[in-house]
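Working notes, beginning with the structure itself.
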């Protein structure tokens with residue numbers, strides 16, 4: 001069954017992936033061939049639960065975060081179809097409702113309220129970016145419903161009981177960056193950062209983590225997520241004469257900032273954040289991206305991973321499935337959506353849709369290999385990833401390459 005797309009409204013795009021099975025005959029045949037007694041529908045977690053499992057997602061499908069939200073939407077639709085075609089979760093089908101927050105905090109808050117009150121979802125995924133995720137957090141917490149964000153800033157989960165996330169924390173990204181800067185002897189770092197929630201606290205965190213290595217932030221410039229002209233910021237960075245520059249943003253802004261940096265003839269090497277892990281960045285930045293370094297997830301260099309890497313089977317299958325369905329490789333943002341959805345499915349198998357049990361089960365996820373890393377959640381860490389989830393990647397001739405290869 002093709003996902004049904006409701007008529008567009010001024011606030012949202014609603015996509016439902018309802019009970020999807022190849023055919024009833026195939027399901028019955030599969031049961032007949034099995035020697036095991038099938039699990040009765042609705043018995044997950046020991047409860048007598050019936051009916052569809054309702055998962056709601058809030059994504060940045062339009063607006064400044066569209067290069068993140070669109071592949072995330074495609075991933076969630078694909079995975080819901082796969083899980084349902086395979087019999088669902090303990091015999092229950094997944095009903096997926098996806099809302100477009102239009103890359104705004106207000107849109108995210110309204111969308112999550114709608115999912116909770118109107119759709120009565122069992123779990124929430126999203127948003128794609130930090131600002132909208134932070135707007136959703138208090139609503140999910142008040143409703144006591146598990147939420148798995150796909151965004152980066154550690155503030156999304158700090159101190160939260162009900163909110164988790166799958167993108168690597170900005171803190172572990174900076175730890176990885178500082179390791180590389182220290183190894184290369186860079187001390188004076190310039191920062192050009194996204195002015196939205198994604199960039200909040202980056203300068204302070206870089207100064208704190210870099211202090212033992214003598215790293216200082218000599219200038220910080222901000223840019224809007226939808227900015228197109230970066231001349232003023234890059235002139236100030238050039239005048240600061242840094243040893244290296246960190247550009248912290250998402251496409252298309254991150255790519256345009258990279259172009260402006262090189263067009264001004266600044267020689268200092270460039271680092272970018274984990275927010276650039278898609279083809280849109282490479283297309284926007286063009287040749288100006290060659291030589292830059294960024295700490296990214298393993299999926300972008302999957303073909304360069306050793307055979308014993310625990311993530312390799314996961315990322316290899318995900319890439320193959322996504323490419324077969326959509327005709328292109330997935331981005332790292334698609335990978336964050338994969339992790340959020342599949343962590344939810346793993347927890348639902350054990351806990352069912354009792355929200356408290358579901359929350360507790362997500363918090364106990366351990367050594368779980370996903371696309372973004374190997375996750376181990378704890379009561380103190382609702383992100384579950386360390387800097388080991390990242391590899392330093394260099395752009396060479398417009399492609400991603402493991403640094404040093």
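We did not get these values from a lab; they are worked out from the coordinates using the rules stated. Nothing here was measured: the structure is a model prediction, and the numbers come from that model. FYI the Cβ positions are ideal-geometry reconstructions off the backbone, even for glycines, and counts take in every protein chain you see.
Tabulated values for the structure
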{"read-out": "Counted residues, the stretch 117-130 - those being touching a residue at least 60 places away in the same chain (Cβ under 8 Å) and over 21 Å from the mean Cα position of the chain (by Cα)", "value": "2"}
{"read-out": "Looking only at the stretch 247-286, and only at residues there that are in contact (Cβ under 8 Å) with a residue 40 or more places away in the chain and assigned to a strand (DSSP E or B), the one that is farthest from residue 371 (Cα to Cα)", "value": "247"}
{"read-out": "The stretch 156-173, subset assigned to a helix (DSSP H, G or I) and touching a strand residue (DSSP E or B) at 6+ places or on another chain (Cβ under 9 Å), residue nearest to residue 296 (Cα to Cα)", "value": "173"}
{"read-out": "Hits in the stretch 353-401 (condition: surrounded by fewer than 15 Cβ atoms within 10 Å (Cβ to Cβ), touching a strand residue (DSSP E or B) at 6+ places or on another chain (Cβ under 9 Å) and part of a loop (DSSP other than H, G, I, E, B))", "value": "364, 366, 367"}
{"read-out": "When residues of the stretch 209-246 are limited to those that are in contact (Cβ under 8 Å) with a residue 40 or more places away in the chain and within 17 Å of residue 184 (Cβ to Cβ), the one surrounded by the most Cβ atoms within 10 Å (Cβ to Cβ)", "value": "245"}
